[in-house]
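**Student:** This is the structure I want to talk about, given as structure tokens.
The values are calculated or read from the model by the stated rules, or taken from the named source; none is laboratory data. This one's a predicted model, so the numbers in the text were calculated from it and none came from an experiment. Glycine also receives a Cβ, built like all others from the backbone with ideal geometry; neighbour counts cover every protein chain displayed.
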Amino acid sequence: MVQALQQVETYLPIEDHGIIGDLHTVALVGKNGTIDWCCMPAFDAPSIFGSLLDADKGGFFSIAPHATPELAHKQYYLPETNILITRFFTLEGVGEITDFMPIQPAKEHTKHHRIIRAVRVVRGQLTFQLVCRPAFNYARDTHTIQISERGAVYQHQELSLGLFASTPLEEDGHGGVASTFTLQQDQWAYFLLESTGDQKTEPPHLTHAQYQKILHDTKHYWRSWLAQCRYQGRWREMVYRSALVLKLLTYAPTGAIVAAPTTSLPESMGGERNWDYRYTWLRDSSLTIHSLLTLGFHEEQRRL
């Protein structure tokens with residue numbers, strides 16, 4: 001089982017990713033169910049998942065059904081939110097992953113961030129494979145793993161990660177953990193990855209009721225923010241989605257807006273123009289603020 005999960009199979013095009021975030025940092029989620037880019041505890045921090053750049057050692061967090069020739073995927077967001085749904089279609093059934101990060105609007109810098117991944121089967125029966133294999137400090141540092149009945153803890157000198165899993169975990173032999181689990185129609189599995197600066201951290205916990213509460217609060221935040229939008233034209237859905245992405249790129253402690261959440265993606269294969277866009281560029285920020293002001297979002301202009 002572990003051998004089949006050794007690495008991310010291919011490099012997905014950047015357009016085959018959805019984005020989730022908590023106003024401090026973001027994670028990119030591929031249509032194949034893999035988080036292949038995430039920096040914690042902030043946009044400009046070293047990556048913990050970087051297989052977007054190096055599939056062999058960059059680190060990733062993948063959840064997906066067993067690969068079959070007829071496997072198809074689709075991504076969409078819950079309406080008026082940044083809660084991402086990745087849906088898988090197979091001959092055996094239909095399954096989906098709900099991915100989001102609970103909002104961290106605090107003005108101060110914090111190492112506490114959470115990624116929640118909920119898996120369910122919509123129709124039929126599916127067997128999923130999970131691998132969570134972080135690679136700290138751009139895959140330059142090593143870490144230790146401790147597995148318990150509730151999940152796993154990845155310990156690094158600067159950042160610790162606690163992983164709650166509602167399914168049994170085992171070490172994969174490559175610095176991560178793996179799990180294979182089967183769900184019937186309407187069954188769920190829950191996973192919560194939590195970052196802290198505490199070296200004595202324990203795996204977090206997530207019940208179904210807690211998940212529903214956090215999901216409700218996250219929906220409420222995004223929909224309340226979007227309610228400020230004054231645009232009512234024919235392109236409403238596209239404008240809403242663009243505004244939500246721009247808000248995701250906002251760093252709450254300062255109000256700054258990053259140009260993009262990624263770095264080291266060359267303009268052409270083998271090229272040297274590998275800019276780091278995880279910083280605020282005055283030109284990009286001015287255009288972004290102008291767009292948000294036009295739509296009715298005034299708080300972003302006051303905070304920048």
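**Student:** Name the one entry in Thr280, Thr254, Thr262 that is surrounded by 13 or more Cβ atoms within 10 Å (Cβ to Cβ), within 19 Å of Lys107 (Cβ to Cβ) and among the polar types (S, T, N, Q). It would help to see each step written out before you state the result.
**Tutor:** Details: Thr254 fails: surrounded by 13 or more Cβ atoms within 10 Å (Cβ to Cβ); Thr262 fails: within 19 Å of Lys107 (Cβ to Cβ).
Just a single option satisfies the conditions, and that option is Thr280.
**Student:** Follow-up. Restricting attention to the range 78-102, which residues are of a type in the set (A, V, I, L, M) and touching a Gly at 6+ places or on another chain (Cβ under 9 Å)? Don't jump to the end; show me each part of the working.
**Tutor:** To start, the set of residues in the range 78-102 that are of a type in the set (A, V, I, L, M) comprises 78, 83-85, 91, 94, 97, 101.
Those that are of a type in the set (A, V, I, L, M) and touching a Gly at 6+ places or on another chain (Cβ under 9 Å): Leu84, Ile85, Leu91, Val94, Ile97, Met101.
**Student:** Give the residue that is surrounded by the fewest Cβ atoms within 10 Å (Cβ to Cβ), with candidates limited to residues of the range 195-212 that are part of a loop (DSSP other than H, G, I, E, B) and either of a type in the set (Ser, Thr, Tyr) or outside the structural domain of Gly59 (by TED's automatic domain parsing) (or both). Break it down into steps so the answer makes sense when it comes.
**Tutor:** Initial filter on the range 195-212 (part of a loop (DSSP other than H, G, I, E, B)): 197-207.
Now narrow it down to the ones that are either of a type in the set (Ser, Thr, Tyr) or outside the structural domain of Gly59 (by TED's automatic domain parsing) (or both): 201, 207.
Working: Thr201: 18, Thr207: 11.
Filtering the range 195-212 for residues that are part of a loop (DSSP other than H, G, I, E, B) and either of a type in the set (Ser, Thr, Tyr) or outside the structural domain of Gly59 (by TED's automatic domain parsing) (or both), the one surrounded by the fewest Cβ atoms within 10 Å (Cβ to Cβ) comes out as Thr207.
**Student:** Also, quick follow-up: Among the residues of the range 6-29, is any of a type in the set (D, E, K, R), crowded, with 18+ Cβ neighbours inside 10 Å and within 12 Å of the chain's Cα centre (by Cα)?
**Tutor:** Taking the range 6-29 first, the residues of a type in the set (D, E, K, R) are 9, 15-16, 22.
Then drop every residue that is not crowded, with 18+ Cβ neighbours inside 10 Å, which leaves 22.
Still in the running and within 12 Å of the chain's Cα centre (by Cα): 22.
For the range 6-29, residues of a type in the set (D, E, K, R), crowded, with 18+ Cβ neighbours inside 10 Å and within 12 Å of the chain's Cα centre (by Cα): present.
**Student:** From the residues in the range 69-80 that are farther than 21 Å from Trp37 by Cα and without any contact (Cβ under 8 Å) to a residue 24 or more places away in the chain, which one is surrounded by the most Cβ atoms within 10 Å (Cβ to Cβ)? Don't jump to the end; show me each part of the working.
**Tutor:** To start, the set of residues in the range 69-80 that are farther than 21 Å from Trp37 by Cα comprises 69-72, 78-80.
When the remaining residues are screened for being without any contact (Cβ under 8 Å) to a residue 24 or more places away in the chain, the result is 69-72, 79.
Values: Pro69: 6, Glu70: 8, Leu71: 15, Ala72: 11, Pro79: 13.
Ranking the qualifying residues of the range 69-80, first place goes to Leu71.
**Student:** Continuing with this model, one more query. Would you confirm, using the coordinates I've provided, whether Ile83 is under 15 Å from Leu248 (Cα atoms), surrounded by fewer than 24 Cβ atoms within 10 Å (Cβ to Cβ) and either of a type in the set (A, V, I, L, M) or touching a residue at least 40 places away in the same chain (Cβ under 8 Å) (or both)? Talk me through it step by step, then tell me what you get.
**Tutor:** Working: under 15 Å from Leu248 (Cα atoms): yes; surrounded by fewer than 24 Cβ atoms within 10 Å (Cβ to Cβ): yes; either of a type in the set (A, V, I, L, M) or touching a residue at least 40 places away in the same chain (Cβ under 8 Å) (or both): yes.
Against the criterion (under 15 Å from Leu248 (Cα atoms), surrounded by fewer than 24 Cβ atoms within 10 Å (Cβ to Cβ) and either of a type in the set (A, V, I, L, M) or touching a residue at least 40 places away in the same chain (Cβ under 8 Å) (or both)), Ile83 qualifies.
**Student:** Under the condition of being among the small types (Gly, Ala, Ser) and in contact (Cβ under 8 Å) with a residue 40 or more places away in the chain, which residue from the range 243-279 is farthest from Tyr77 (Cα to Cα)? It would help to see each step written out before you state the result.
**Tutor:** Step one: filter the range 243-279 for residues among the small types (Gly, Ala, Ser), giving 243, 252, 255-256, 259-260, 264, 268, 270-271.
This time we only want the ones that are in contact (Cβ under 8 Å) with a residue 40 or more places away in the chain, so: 243, 252, 255-256, 264.
Values: Ala243: 14, Ala252: 22, Gly255: 24, Ala256: 25, Ser264: 27 Å.
Restricting to residues being among the small types (Gly, Ala, Ser) and in contact (Cβ under 8 Å) with a residue 40 or more places away in the chain, the top hit is Ser264.
**Student:** Would you confirm, using the coordinates I've provided, whether Leu192 is part of a strand (DSSP E or B) and in contact with a helix residue (DSSP H, G or I) (Cβ under 9 Å, 6 or more places away or on another chain)? Outline the logic, then answer.
**Tutor:** Values: part of a strand (DSSP E or B): yes; in contact with a helix residue (DSSP H, G or I) (Cβ under 9 Å, 6 or more places away or on another chain): yes.
For Leu192, the condition - part of a strand (DSSP E or B) and in contact with a helix residue (DSSP H, G or I) (Cβ under 9 Å, 6 or more places away or on another chain) - is met.
**Student:** Which residue is farthest from Asn82 (Cα to Cα), if the candidates are limited to the range 219-239 and must be exposed (fewer than 11 other Cβ atoms within 10 Å of the Cβ) and among the polar types (S, T, N, Q)?
**Tutor:** Across the range 219-239, the extreme among qualifying residues is Gln232.
**Student:** Would you be able to tell me the number of residues in the range 56-68 that are surrounded by fewer than 17 Cβ atoms within 10 Å (Cβ to Cβ) and modelled with pLDDT of 90 or more?
**Tutor:** Just the residues of the range 56-68 that are surrounded by fewer than 17 Cβ atoms within 10 Å (Cβ to Cβ), to begin with: 56-57, 66-68.
Okay, now just the ones that are also modelled with pLDDT of 90 or more, so 56-57.
Count: 2.
**Student:** Looking at the range 102-121, is at least one residue in contact with a Cys (Cβ under 8 Å, 6 or more places away or on another chain) and either within 21 Å of Gly30 (Cα to Cα) or not β-branched (Val, Ile, Thr) (or both)? Explain how you work it out, then say what you get.
**Tutor:** Restricting attention to the range 102-121, the residues satisfying the condition of being in contact with a Cys (Cβ under 8 Å, 6 or more places away or on another chain) are 115.
From what's left, either within 21 Å of Gly30 (Cα to Cα) or not β-branched (Val, Ile, Thr) (or both): 115.
Within the range 102-121, one or more residues are in contact with a Cys (Cβ under 8 Å, 6 or more places away or on another chain) and either within 21 Å of Gly30 (Cα to Cα) or not β-branched (Val, Ile, Thr) (or both).
**Student:** Only one residue in Ala165, Ala139, Ala135, Ala118 is free of Cβ contacts under 8 Å to residues at least 40 places away in the same chain and either among the aliphatic types (A, V, I, L, M) or at positive phi (or both), so which one is that?
**Tutor:** Details: Ala139 fails: free of Cβ contacts under 8 Å to residues at least 40 places away in the same chain; Ala135 fails: free of Cβ contacts under 8 Å to residues at least 40 places away in the same chain; Ala118 fails: free of Cβ contacts under 8 Å to residues at least 40 places away in the same chain.
Only one candidate qualifies: Ala165.
**Student:** Between a residue in the range 284-299 that is in contact (Cβ under 8 Å) with a residue 60 or more places away in the chain and any residue that is of a type in the set (A, V, I, L, M) and outside any loop (DSSP other than H, G, I, E, B), which pairs come within a Cβ distance under 8 Å, given they are 6 or more apart or on different chains?
**Tutor:** The qualifying pairs are Leu295/Val239; Leu295/Ala243; Phe297/Ala243.
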